[in-house]
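So the structure is just underneath, and the comments pick up after that.
The values are calculated or read from the model by the stated rules, or taken from the named source; none is laboratory data. Remember, predicted model here, so these are calculated numbers, not experimental data. All Cβ positions, glycine included, derive from the backbone under ideal geometry; neighbour counts span all protein chains shown. Calculation scope for accessible area: heavy atoms of the full protein, side chains included, ligands and nucleic acids excluded. Shrake-Rupley method; radii C 1.70, N 1.55, O 1.52, S 1.80 Å.
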Amino acid sequence: MAPTPAAVTQSSASHAPMVSGGTLTVANLRAFEQGCKQYFSTKAIAAPDQVCRVIYNFKDETISSWIFNIEDELMDLSFSDFMARLCDKWLSNTWFVEYGKILMTPQSNTPFTQWVNTLRNANKILRSKEDLYMDNKRLRRHIRVLLSDNLGVEYGTINGDAPGVLDTIADLDKWIARIGHMDNNLCQ
């Protein structure tokens, strides 16, 4: 029988999320992280205080014991490093392979915006894996290489000679929006 995944609950943005007993997964740790960030923002919790406000919100006995035994060490971490430590400790040694594969998936027939959001989500999850995580500059080049054939041709046509008009859009979100608009025009 497969282990039961832990559930993440949060009554409102002004309350920290709770994690029930059960197995930690990338999905429930991501839900916990998003809930915590919402909580930190709503309550204006300063970065140095973030871990101590959520560290005891895991109800699983094994996880609680692990936290209790190294709580001083965990309390000194940034929230981002705390989340990376949770992933390293409680996820399988190969949890990142699934997300690395997502990053290698070409656009094909998937709408650009949907595809790029999937890539960005996978990339964000991989931020603790320095050999896999891509900063915005690398991610942009990576997206460019994996565009569908039609969108890749359209990109080259509009971009022109390097550095082209699309290459001069410095903001990644604006660049993605522009490529999304191109993709939408091709699909019509």
Original post:
By the gyration tensor of its Cα atoms, with a ≥ b ≥ c the square roots of the eigenvalues, what is the shape of the stretch 1-56: rounded for a/c under 1.5, prolate for a/b over b/c, or oblate?
Top reply: prolate
Original post:
So what is the 222 nm mean residue ellipticity for the chain from helices alone, if each DSSP H run of at least 4 adds -39500 (n - 2.57) and you divide by all residues, rounding to the nearest 500 deg cm²/dmol?
Top reply: -17500 deg cm²/dmol
Original post:
Percent of accessible area on the stretch 90-179 owned by carbon and sulfur, 1.4 Å probe?
Top reply: 51 percent
Original post:
Hey, in the GNM for the chain with a 10 angstrom Cα cutoff, which one of Arg30, Arg127, Arg141 fluctuates hardest?
Top reply: Arg141
**OP:** Go through the stretch 91-188 and name the GluC sites (Glu not before Pro) that are in a DSSP coil and have 13 or fewer other Cβ atoms within 10 Å of their Cβ.
**Re:** Glu130
Subject >> the chain, relative contact order [Cα under 8 Å, separation at least 6], % >> reply: 15 percent
Original post:
So what is the accessible area of the chain per residue, in Å², with the probe set to 1.4 Å?
Top reply: 58 Å²
Original post:
Carbon and sulfur atoms: what percent of the 1.4 Å accessible area of the stretch 27-68 do they account for?
Top reply: 51 percent
Subject >> Where trypsin sites (Lys or Arg not before Pro) fall in DSSP loop in the stretch 37-106, at most 15 other Cβ within 10 Å >> reply: Lys59
**OP:** At a 1.4 Å probe radius, which order do Met134, Met18 fall into by accessible area, largest first?
**Re:** Met18, Met134
**OP:** Can you grab the distance from the C-alpha centre of the stretch 7-56 to the C-alpha centre of the stretch 72-145, Å, no decimals?
**Re:** 19 Å
Subject >> Counted charge near Thr118, where neighbours are those whose Cβ lies closer than 15 Å (Asp, Glu -1; Lys, Arg +1) >> reply: +2
Original post:
Given the Cα-Cα distance of Ala13 and Ala27 and 0.36 nm per residue of separation, how much length would full extension add, in nm?
Top reply: 3.1 nm
